[in-house]
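First comes the structure, then the notes that go with it.
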Amino acid sequence: MEAPAEIKWNGYSLAERDWRWQRVRDNAAKAGFDCVFVPLCVDGRNLHLSLEQHRGTRSDCRFLTTLDNAAVILPTDGRAPIVVSDLDEGNSWITEFRPVENSWGESMAQALIDAGMERARIGVSGIRRGFYTHGRAFHGVVNHSSYAEVLQRLPNATFENATEAIGYARYVKSEEQIACLRRGAAIAAAGIDKMIELARPGMDEGLLYTRVMQRMVELGSEYYPMAFYSGSNSGGRLPRFEDPMEGRMLQPMYRIANEVDAVFGGLIAQEQQPILLGPIPDSWKPAIEMQREMYLMGLEYLTPDRPFAEFMDLINNFGAKRGMKSQLLMHGRGYGDDGPLFTPQNHGARNRDVRIEKGNVFIVKPIAHSADGSFDTSWGGCVLCTDKGGEPLVKRTPGMVSIT
């Protein structure tokens, strides 16, 4: 890939901004709202959240403004949004915004009043989890103390959940977003290549982690911690690390699993590659082959206007026909906590009626378990949904890498 000095990305265009704003306006107007309101949201750094949840708490304001922290009032009648932020300066999308005066609650309430929303029907994004975004946030992502002050100051307005108004706008990616995710997937794949190059018995795990992260940042990714798992296949889950580890050395026949994320244009791409420091045991090979078959079959299925119910059942029942177990692991890619979310823990049952659409981007990484349950494996990467099926954003070969 290009060296850092050769990266020529100048940010999202104004056409992209207007495309996003109009999609949100249309969704909100269809639901009968006079405006969409993104309040101040919680700071994920203070809440011991997962990487995905942390990045997702303030993802709606980044989608609408590309600012890291802001409150947004977007009227559905075509007027420009009013933005409140505590940042020092704006950007090409938001050249002017209102500073926070006295309190976030007071500043947001005044902005709503100035927009003519004293008696309006206001759609609020992020007050509860959605189908397309904030799927892990059971209690929403808004800062409730400042939001409560807004409610107190506008007693004649009606505030209702509008998480899906922005969520659905984020669900289908534009060409500019797809280009950034494609770049991010290529950066993540380059990080995996660096891991394969360096991972050997006796290698310091902390140094390996650092070298992989260094490679991705060199290629233009924001710093986004990699999830790294390593250990022997002695039963139980491999230990997980999100920071460089001290005092741990790779050993012969160690398994390495990972979630290698790269952030480009604010969007999170992910690639995943299991590695074994030794020859692959024969008893593992049926599960590895089944996982490959599931992934490739899934690509064929990911065409527009199909409900996820069929896809879920297809993957979750795939293993039983082969005397093994299979599980769907998959979720959206974007600004953070993108959905729909399908994991072995929640099974994605609430998303069964959600439909696949052209322009969706997912991390697809189904899990295969061996017949005796002693081994499981997952391989995956970013996939774009097209009329012809799922298109991997970066070309890689499914399977486990054996380093001998």
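The values are calculated or read from the model by the stated rules, or taken from the named source; none is laboratory data. Note that the structure is predicted; figures quoted are calculated from it, not measured. As a convention, Cβ positions derive from the backbone with ideal geometry for all residues, glycine included, and neighbour counts pool all protein chains shown. Surface areas here come from the heavy atoms of the whole protein model, side chains and all, with no ligands, DNA or RNA. Shrake-Rupley method; radii C 1.70, N 1.55, O 1.52, S 1.80 Å.
Worth a mention:
- Selection within the range 134-162 - modelled with pLDDT of 95 or more, touching a Gly at 6+ places or on another chain (Cβ under 9 Å) and over 18 Å from Trp104 (Cα atoms): Glu160, Asn161, Ala162
- Restricting attention to the range 58-110, the residues that are open to solvent by less than 50 Å² (accessible area, probe 1.4 Å), among the small types (Gly, Ala, Ser) and over 22 Å from Thr158 (Cβ atoms) add up to 5.
- Hits in the range 165-193 - residues which are touching a Ser or Thr at 6+ places or on another chain (Cβ under 8 Å) and acidic (Asp, Glu): Glu176
- Residue among Glu310, Glu293, Glu271 that alone is surrounded by 20 or more Cβ atoms within 10 Å (Cβ to Cβ), charged (D, E, K, R) and closer than 22 Å to Leu384 by Cα: Glu271
- Taking residues in the range 97-119 that are more than 20 Å from Asp68 (Cα to Cα) and of a type outside the set (Asp, Glu), and partners anywhere that are in a helix (DSSP H, G or I) and open to solvent by less than 40 Å² (accessible area, probe 1.4 Å), the pairs with Cβ atoms closer than 6 Å and at least 6 places apart or on different chains are Ala109/Val150.
- For Ile178: the one exception among (1) part of a loop (DSSP other than H, G, I, E, B); (2) open to solvent by less than 20 Å² (accessible area, probe 1.4 Å): (1)
- Spans of strands (runs of 3 or more DSSP E) in the range 218-289 with at least 1 residues in contact with a Gly (Cβ under 9 Å, 6 or more places away or on another chain) and closer than 26 Å to Phe318 by Cα: 255-264, 267-271
- Inside the range 379-404, residues that are open to solvent by less than 20 Å² (accessible area, probe 1.4 Å) and either in a strand (DSSP E or B) or of a type in the set (S, T, N, Q) (or both) make up a count of 8.
- Within the range 29-44, residues that are over 22 Å from Asp114 (Cα atoms) have Cβ atoms under 6 Å from residues that are not in a strand (DSSP E or B) in these pairs: Val42/Thr57; Val42/Val141; Val42/Asn143; Gly44/His54; Gly44/Thr57, counting only partners at least 6 apart in sequence or on another chain.
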